[in-house]
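What follows is a set of notes on a single structure, which appears directly below.
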Amino acid sequence: SLPRRLCILKGIYPHEPKHKKKVNKGSTAPRTFYLLKDIKFLLHEPIVNKFREYKVFVRKLRKAYGKSEWSTVERLKDNKPTYKLDHIVKERYPTFIDALRDLDDALSMCFLFSTFPRTGKCHVQTIQLCRRLAVEFQNYVIASRSLRKVFLSIKGIYYQAEVLGQPVTWITPYAFAHDHPTDVDYRVMATFTEFYTTLLGFVNFRLYHSLNLLYPPKIDSQADAELKPMEGKEYAMDSESYLERLSALSSSLARVVAPTHEDEVEMDEFPVEGETAEQMDAKKKEQEALEKHKKLFEGLRFFLNREVPREPLAFVIRSFGGQVSWDKSLCIGATYDATDPSITHHIIDRPRVENQVVGRYYLQPQWVFDSVNAKLCLPVADYFPGVLLPPHLSPFVTEQEGDYVPPEKLKLLALQRGENPDEESEEEEEEEEEEEEDDNDKEEEEDESEKEEEMKLKKMEEQKTQSNKALPVKVTAGKVRVEDKQRLEQEQQSEEKRLAIMMMKKREKYLYKKIMFGKKRKVREANKLAAKRKAHDTALREEKKKSKKAQQA
Amino acid sequence: RTVQDRMTGADVTLTDEQVELVQRLQKGQFGDVNFDPYEPSVDFFTHEVMIHPVTNRPADKRSFIPSLIEKEKVSKLVHAIKMGWIKPRKPKDDTPTYYDLWAHEDPNSVLGRHKMHVPAPKLRLPGHEESYNPPPEYLLSEEERLAWEQQEPAERRLNFVPRRHRCLRAVPAYPRFIHERFERCLDLYLCPRQRKMRVNVDPEDLIPKLPKPRDLQPFPTTQALIYRGHTSLVRCLSVSPGGQWLVSGSDDGTVRFWEVSTARCMRTLPVGAVVKSVAWNPNPTLCLVAVAVEQSVLLVNPCLGDKLLFGATDQLLEAYVPPEEERVQPVQWVPPSAEERGKGIRLIVQHSKPVKQVTWHGKGDYFASVVSDTGSRQVLMHQSSKRWSQAPFQRSKGMVQCVSFHPTRPFFFVATQRYVRVYNLLKQELTKKLMSNCKWVSSMAIHPGGDNVICGSYDSKLAWFDLDLSTRPYQLLRHHRRALRSVAFHRHYPLFASGSDDGTVIVCHGMVYNDLLQNPLLVPVKVLKGHVLTLDLGVLDVLFHPTQPWVFSSGADGTVRLYT
């Protein structure tokens, strides 16, 4: 409907009134309220007239069809009213940074729509446009090397790029046909997409120009020439083949100004007031780490086997400077063959490899993603084909104090710091076990150090339970009981605290209890996870021992 | 070669030609031997364009003269163009679809409303549990899974079940992907947005800064003595003004007298019914205890301590001279029988209804009793020396829970279910009505200074009134978890205690300043535990020692405990 479309396009959302009863004529039934000024604002929008014109056009067209007046139909179609959303984009995002901040949903939506089939659910043009914009954005990310994090979730693949200092996160579904749900209103989604495509187009334009790239993107002519002979004439339509080749993500883009290879521009130092040398150093270090991260795969040549999802891997590898190719029959844009001796990493997702070529690593695709998230090329041994993979951790989680940290993450952090916990322990399992125990111990220690608050809480609980038990009043021939002074002190303090809590005001007590409940729950969850992990590890170790015994017997 | 004909049932022998025909058909060839499927096709019409017409008919005349209909149509079009009804086609809009929209970022052109705009919050980023290959501890166990399935979809903390896949190849499509995008869309345009200030406080800061209990000593801290002997719940306690003797009344129909310091039961007085209330005469020169049993109040001389003292008491009671004319009294003063006299009972005040409470005036001559009645005679005042009683109120103002005398001034406090009324006995008028903000007042105690009152209630609240401040509670303390049964003030120390059904006695420091500008300071200092819950009842009565910072408590478990 018209108001809904207007609200979506103009970004108008309902408001929660301060006095619900007053506004709602005394009833508390849930209703949505819009501000009156918002509605007036919508009425002033020139696009309302365009929508009305379009409605009239549709009516006229239907009438002409009904009367079989084909010349009228043609004339009407020629004069089909169109509208543009440029001014709305500008109005909603007055600065470019605003637009970048709101890019998450736009990207996710475009990537979703670009995977829709070309039939049924929405206009084919929309799908094609989404596909084009998504590919353009991917190409920009590759060209600017701004990808930071990738995460393979069970929902889809999350990417996080840092575009002009703004983190932009989007999710793409795995490449499967959609089972279109019936309880989803596609018209709402289409309206959103209409706005998002406009926004993304303008953003892409600006981003390309900020990198001195041509927009609409052109494939670099040198690379083009290299590509031409290989692909031949397998792809019939020229207009489509261009997009296809672009979407292959294997070739670089043409620039307005020829690229000068001066990437190593020295950052000038601007000493900011109130900034110590340490902070400056840290900043510099961070900058260096970032540069290093950007060139993670530089000089590596990857080959993707055909069962590997090509697009995400090609995107990730290319955005960290690696070269990538695949089987020629798989997709357009392959640059080298599987037999190329210069290939360093062969990404494969099968349990076994037939006829291995010497001189390259055969790895599972998770290695690429884990390496990107770890900001270093991880040791390859864990990722050989057919090997049980180490867990894939989310790069978006930053553990605060008191949170549960999975041991893999601890290992990873150690690796990043430059220690290598694994090397010496690979020879014998027992050692490994010991080390695992060490790890556990370490973890516990850390737990202890980190979770003093938790301990306090626990102690309080204990004391409560203790004091609940009735004291047996009996005089028995005595043992000398050593009075633990510290403990007594603590007990006294906790009692004082309890008494003080009794004197809190009702509202504050409620708040305090809520906060403490949240804290306790957090601790409980962390403990639960740790316990689960421990149980799992012990089970695994016992199984190992058993199998070892079976082997010996 | 012989085949059965199904139609006739007769056996037919095939000839050579027929066999050959069958074989040809089986091979997929034409049945006719002579048919050639590969003979060259014959064009019925030539593909070459012919230059001559097919027919020889001459052209029509109408093909040479201009058409009138067309002329009409053309003229119509011309007319329409002249009148401006038909417009030329619009030129194709050749401005590019995308251009640098933010080329001129003008901060002045930003609408005012944009500053009020609340940007939509970003979606939560995924955690480890959403990984296709999560660490094993994030996978749900069987019962967690069941719990997850039974939860409402809106209540679930995770909107998916974490799963582990061996390799990337084995990861299936996520069936709710489109749903989730759609839900996000709905959130974006249908959810009201609000700026909410997050409460970012350290919980430690919320705890009020109170003086430490250690600095507020003395107060009772440990259980010192248990007075055992009663076989049923001990309802009431009272202590002699010197602090040497303790009297307790119980449901087992006895009143016991104890020595405080040794916990020895000095005397047991069987009265044959539930003892509702006992009160020791506050006058130190008398040795007299009022005991409320069923419909009567017994004045008992326990004959403890100084012989002179209890002898004097007896003498005082004997010295009564009945007046000449009989006055109409609401109660009957009955002298006890010889047997009862032997037990120590000196006087019996017979009421018409069961007596709930009895309390002495500070001078020790008058005492008041509360009768469980609904009429105007709920509260009765008695003068023990003149054996004279009267009902002070003409109308009832609700169920009276307890009454109390002001320690120094002629005021009388009457607590009904929700209010405490303060009467001036001299002027015989109502001076104040305190709203307790509680559902049902259970007990009341008056500060020895006389300006502060505490009320315990069955809805586990304790209301502290400052009579100078207002008629509403200065503070409502919700320390207990269950109904409060009794409250008490200490006579000298700034202490008050409350006993509750949860089996605890909470001792609080309640400092009242002489300076009128300074409000009382209330600090809980100790939670005393010890009584065992029986029949869902805990502590029934609390009482302070008149001189020491000790507190007595009687409980439903049949014991009286002393905390020092």
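Rounded to whole Å, give me the distance from the Cα center of region A:500-534 to that of region B:548-564. Cα centroid of region A:500-534 versus Cα centroid of region B:548-564: 35 Å apart.
Working from label points 7 Å from Cα in the Cα-to-Cβ sense, the A:GLN125 to A:ASN355 distance is 5.0 nm. Measuring nothing but alpha carbons in region A:136-216 and taking Rh as the Kirkwood radius, the Rg to Rh ratio lands at 1.02.
In sequence order, region B:461-470 has phi-based couplings of 10, 10, 9, 9, 9, 10, 5, 6, 7, 6 Hz under the Karplus curve 6.51 cos²θ - 1.76 cosθ + 1.60, θ = phi - 60°, and Gly or Pro positions carry x.
Relative contact order of chain B, taken over Cα pairs closer than 8 Å and 6 or more residues apart, is 9 percent. Here is the P(r) of region B:412-526: all C-alpha pair distances, binned every 10 Å from 0, give 15, 48, 32, 5, 0 in whole percents. With 31 Å as the limit on Cα-Cα distance, the pairs of A:LYS10/A:LYS55; A:LYS292/A:LYS520; A:LYS60/B:LYS61 that go past it are A:LYS292/A:LYS520; A:LYS60/B:LYS61.
The three principal axes of the C-alpha atoms in region B:40-188 carry coordinate ranges of 97, 74, 33 Å, sorted with the longest axis first.
Entry for chain B at q = 0.07, 0.09, 0.11 Å⁻¹: log10 I(q)/I(0) = -0.67, -0.85, -1.00, Debye formula applied to identical alpha-carbon scatterers, no solvent contribution.
The H on the amide N of A:LEU213, modeled in the peptide plane, is under 5 Å from the matching H of A:VAL256, each at least 5 residues off or on a different chain.
In this rough spin-label picture, where each label sits 7 Å from Cα along the Cβ direction, the B:GLN244-B:VAL49 distance is 14.7 nm.
When you count the other C-beta atoms within 10 angstrom of each residue and take the mean per peptide, B:514-520, B:410-416 line up highest first as B:410-416, B:514-520. Computed from the Cβ-Cβ distance with R0 of 45 Å, the FRET efficiency linking A:THR398 to B:ASP94 stands at 0.35. Taking the centroid of alpha carbons for each part, region B:368-442 and region B:84-130 are 78 Å apart.
The amide H of B:ARG346, built 1.01 Å from its N in the peptide plane, has B:LEU299, B:VAL300, B:ASN301 as neighbours under 5 Å, considering only residues 5 or more places off or on other chains. Going by the alpha-carbon gyration tensor, a ≥ b ≥ c the square roots of its eigenvalues, is region B:316-368 rounded (a/c under 1.5) or, if a/c is not under 1.5, prolate (a/b greater than b/c) versus oblate? It comes out rounded by the Cα gyration axes. Applying 1/(1 + (r/R0)^6) with R0 = 35 Å to the Cβ-Cβ distance of A:GLN287 and A:THR82 gives a FRET efficiency near 0.15. In this structure the amide hydrogen of B:LEU495, modeled in the peptide plane, comes within under 5 Å of the amide hydrogens of B:HIS490, B:GLY510, none closer than 5 places in sequence on its chain. Per the Debye formula on identical point scatterers at the alpha carbon atoms of the protein assembly as shown, with no solvent, log10 I(q)/I(0) at q = 0.04, 0.05, 0.08, 0.09 Å⁻¹ is -0.46, -0.64, -1.02, -1.13. Karplus-derived 3J(HN,Hα) values for region B:387-399, using 6.51 cos²θ - 1.76 cosθ + 1.60 with θ = phi - 60°, are 6, 10, 10, 8, 9, x, 10, 8, 10, 8, 10, x, 5 Hz; glycine and proline are entered as x. For the peptide A:31-38, the mean number of other protein chain Cβ atoms found within 10 angstrom of a residue's Cβ is 1.
Arranged from fewest to most other beta-carbon atoms within 10 Å of their beta carbon, A:HIS87, B:HIS479 become A:HIS87, B:HIS479.
Once you have the Kirkwood Rh of region A:1-41 from its Cα pairs, apply Stokes-Einstein at 20 °C and 1.002 mPa s and quote D in µm²/s. The diffusion coefficient I find is 190 µm²/s. Computed over the Cα atoms of region A:1-85, pair by distinct pair, the Kirkwood hydrodynamic radius stands at 15.8 angstrom.
Averaged over B:88-101, how many beta carbons belonging to a partner chain fall within 10 Å of each residue's beta carbon?
Across the residues of B:88-101, the mean count of other-chain Cβ atoms within 10 Å is 4.
The label-point distance for A:GLU53 and B:MET197, in a model that sets each label 7 Å from Cα toward Cβ, rounds to 4.9 nm. So what does log10 I(q)/I(0) come out to for region A:310-422 at q = 0.15, 0.17, 0.22, 0.23 Å⁻¹, using the Debye formula with one equal point on every Cα and no solvent? The calculated log intensity ratios at q = 0.15, 0.17, 0.22, 0.23 Å⁻¹ are -0.76, -0.93, -1.37, -1.45. Using the average count of surrounding beta-carbon atoms within 10 Å as a protection proxy, the listed peptides B:201-209, A:152-160 rank, highest first, as A:152-160, B:201-209. If you plug the beta carbon distance of B:ALA154 and A:PHE41 into 1/(1 + (r/R0)^6) with R0 = 25 Å, you get a FRET efficiency near 0.15. Send over the per residue convex hull volume for region B:281-403, Cα only, as a whole number of Å³. Here the figure is 106 Å³ per residue.
Rounded to the nearest whole Hz, the Karplus-based 3J(HN,Hα) values (6.51 cos²θ - 1.76 cosθ + 1.60, θ = phi - 60°) of region B:554-564 follow the sequence 10, x, 6, 7, x, 10, 10, 10, 10, 10, 10, with x at glycine and proline.
All of the numbers you see were taken from the coordinates with simple rules; none came from a lab. Computed from a prediction, not measured in an experiment: that's the story for all the values here. Heads up, the Cβs are rebuilt from the backbone with ideal geometry, glycines too, and the neighbour counts pull from every protein chain shown.
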